[in-house]
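Below: the structure, in structure tokens.
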Amino acid sequence: MSHPIALITDSTCDIPEAWLKQYDIRVIPLTIIFGDEQFLDGVDLSAVEFYQRILTDPVHPSTSQATPKNFLDAYKQAAADGAEQIVAIILSGAMSSTIESARQAAQDSPIPVHILDGKNNSMGLGWQVIAAARVREEGGSIEAMQEAALAAQKNMVYYILLDTIEYLSKGGRIAGATSLLNSILKIKPMIYVNPEIGKVGASLPARSRKVGKENLYKEFFKHINTKLPMHITVLHNNCLDEAEALAERIRQEYNPKELIISIVSPILGVHTGPRALALCGYAG
């Protein structure tokens, strides 16, 4: 790392590879488990490979958090590369114990580590990391980096349309979102992330994917402040054509300051399943 302040996050962030390189962000992978096989997210198994496999493999995958050793190795490497301090912005502690691994490792880090609970996942986390990275690029302090991340966190809007309830029900960790939906198996559920508590809740279900996509669009833009510059990601679980169509509609109707498309990490795809589609972003 070339910066005196190293910036670390985890593999659920869904930040495009080009931005990870541009902003010098180190990513700690979580683990995907298919029976006896284990894969480091984004290292041993790509998102596209995962979504193809999950359609045919009779074994339902599970996930494992990043370990304290994973983080400590990253902290030591950052120090070896010349960093004097570290900012780590991590997946919601209400969704995973990964942040506890980051905290445990910080006790043995050769340089100070400042850890922020992202209270979100995917680009709900990723946008916070990018906000902090941009402050760092301008020469900002650790405090300014954290303030930028927290400002994005506070205003984050994140809605996810699922193609099926099957994976949400199997996943366990976010199964609370299915409490109102479990008895209706053929609907297209929609969920959201509450950035105040870092947990998932249930939103408007739909009888068809077409209606579900319209609900996704309307709910997202109902909750984001369209009068301010918007930073938006269209997220997809290997349904790029639909993501591109949705992005084009947003571009034409709202012309946000930033609009990107990103595929969702297998770690999250274990719970949301193939062909999920999401809108995530903040204004400010």
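Computed quantities for the displayed model
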item: Among the candidates Ala105, Ala78, residue that is in a helix (DSSP H, G or I), small (Gly, Ala, Ser) and over 21 Å from Val135 (Cβ atoms); result: Ala105
item: Tally of residues being among the charged types (D, E, K, R) and buried (at least 21 other Cβ atoms within 10 Å of the Cβ) across the stretch 89-117; result: 0
item: Filter result (aliphatic (A, V, I, L, M), touching a helix residue (DSSP H, G or I) at 6+ places or on another chain (Cβ under 7 Å) and closer than 19 Å to Phe34 by Cα) within the stretch 55-81; result: Ala66
item: Residues that are small (Gly, Ala, Ser) and in a loop (DSSP other than H, G, I, E, B), drawn from the stretch 137-166; result: Gly139, Gly140, Ser141
item: Yes/no for His231 being over 21 Å from Ile187 (Cα atoms) and surrounded by 19 or more Cβ atoms within 10 Å (Cβ to Cβ); result: yes
item: Failed item in (1) assigned to a helix (DSSP H, G or I); (2) surrounded by 20 or more Cβ atoms within 10 Å (Cβ to Cβ); (3) not hydrophobic (A, V, I, L, M, F, W, C), with Arg134 passing the rest; result: (2)
item: Meets criteria (among the small types (Gly, Ala, Ser) and in a helix (DSSP H, G or I)) for Ala88; result: no
item: Answer residue from the stretch 30-71, given it is in a strand (DSSP E or B) and under 15 Å from Ser96 (Cβ atoms) and is farthest from the chain's Cα centre (by Cα) among those; result: Ile33
item: Selected residue [of a type in the set (A, V, I, L, M) and surrounded by fewer than 16 Cβ atoms within 10 Å (Cβ to Cβ)] from Ile86, Ile33, Ile15; result: Ile33
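Listed here are the residues, each with its yes/no results for (1) at pLDDT 95 or above; (2) closer than 24 Å to Thr12 by Cβ; (3) not assigned by TED's automatic domain parsing to the domain that holds Asn121.
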{"position": "Pro189", "(1), (2), (3)": "no, yes, yes"}
{"position": "Val193", "(1), (2), (3)": "yes, yes, yes"}
{"position": "Leu204", "(1), (2), (3)": "no, no, yes"}
{"position": "Glu214", "(1), (2), (3)": "yes, no, yes"}
{"position": "Asn225", "(1), (2), (3)": "yes, no, yes"}
{"position": "Glu242", "(1), (2), (3)": "yes, yes, yes"}
{"position": "Ala247", "(1), (2), (3)": "yes, yes, yes"}
{"position": "Ile261", "(1), (2), (3)": "yes, yes, yes"}
{"position": "Ala278", "(1), (2), (3)": "yes, yes, yes"}
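The values are calculated or read from the model by the stated rules, or taken from the named source; none is laboratory data. Remember, it's a predicted structure, so these values are computed and weren't measured experimentally. Positions of Cβ are backbone-derived with ideal geometry, glycine not excepted, and every protein chain shown enters the neighbour counts.
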